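*Asks:* Just passing along the structure, written as structure tokens.
Throughout, read-outs are computed from the coordinates displayed, never taken from laboratory work. These numbers come from a predicted model, not from an experiment. Methodologically, a virtual Cβ is constructed for each residue, glycine included, from the backbone with ideal geometry; neighbour enumeration extends over all protein chains shown.
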Amino acid sequence: MIKILGISGSLRAGSSNNIVMKIVAGIMPENVEFTIYEGLGSLPHFNDPEIIPPEVEDFRHLLKEANGVFICTPEYAFGVPGSLKNALDWTVGAGDFDRKPVALVTASSVGDKGHASLLQTLTAISADIVEGGTLLISFIRSKLNQKGEMIDPVTSEALRSVVDALIKRVEWCLSATGD
């Protein structure tokens, strides 16, 4: 069983990004256990303490257990939402993303600056940004209906392609390590 950890950069339950995460959960193959991380808002501000807070330990444990990570985030003030950046900051010294396959979807009004910024951060923490595993969905609200369904077939297909690219990369990594 492949384990993928989903991380939404939005704390608002009804956000477009959380809707996209639910759509992604529905298109994951049967051999994938897809867990959406719910603790982003409860992580304390990063301050490099001597004793790691339990919420951070839990987050790091989920990352360690995951074979890959799927991030879906909005752009906020032309950058990465603070809560998501804070979570990533907690992983820098521990190397939790080191060579971990990561797919990134930025779903926002525009999103290009936040997407580019997060790609730089993921590179800095040595994440394995999957080829074909990034997607910028501008004007996301126009692509979802009132029921939280994707109504844009091009975006639906692009999301499937990102999921497929992530799964293929994870499978390749697992076969390379013999797991």
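*Asks:* Taking neighbour counts of Cβ atoms within 10 Å as a proxy for exposure, in what order, fewest first, do Val69, Val32 appear?
*Replies:* Values: Val69 26, Val32 19.
Exposure proxy ranking, most exposed first: Val32, Val69.
*Asks:* Here is a further query. Grab the Cα-Cα distance for Val110 and Glu55, subtract it from 0.36 nm times how many residues apart they are, and report the gain in nm with one decimal.
*Replies:* Values: separation 55, 0.36 × 55 = 19.80 nm, distance 3.19 nm.
The Val110-Glu55 span can extend by a further 16.6 nm.
*Asks:* Quick one: of the DSSP bridges fully inside the chain, what percent are antiparallel, nearest 5?
*Replies:* Details: 2 of 24 bridges.
Here the antiparallel bridges make up roughly 10 percent for the chain.
*Asks:* How do Met150, Met1, Met28 rank when sorted from fewest to most other Cβ atoms within 10 Å of their own Cβ?
*Replies:* On the way: Met150 21, Met1 7, Met28 17.
The fewest-first ordering by Cβ neighbours comes to Met1, Met28, Met150.
*Asks:* With equal scatterers on the alpha carbons only and no solvent term, can you work out the Debye log10 of I(q)/I(0) for the chain at 0.08, 0.09 1/Å?
*Replies:* Reported log10 I(q)/I(0), two decimals: -0.22, -0.28.
*Asks:* Taking neighbour Cβ counts within 10 Å as the exposure measure, how do Ser83, Ser109 sort from fewest upward?
*Replies:* Numbers: Ser83 18, Ser109 12.
Starting with the residue having the fewest Cβ neighbours, the order is Ser109, Ser83.
*Asks:* Sequence-distant or interchain residues sharing an amide H contact under 5 Å with Val105, placed H: which?
*Replies:* Ile71, Cys72, Thr73, Leu135
*Asks:* Another one. Give the relative contact order (percent, whole number) for the chain; include only Cα pairs under 8 Å separated by 6+ residues. Before the final figure, lay out the partial values.
*Replies:* Working: 300 pairs, mean separation 40.7, N = 179.
23 percent.
*Asks:* Membrane-span-like helices in the chain: DSSP H runs reaching 15 Å or more (Cα, own axis), mean Kyte hydropathy at least 0.5? Kindly include the intermediate steps, with their values, before the conclusion.
*Replies:* On the way: long enough: 16-27 (17 Å, 1.12); 54-65 (16 Å, -1.05); 112-124 (18 Å, -0.13); 153-177 (36 Å, 0.44).
The qualifying helices are 16-27.
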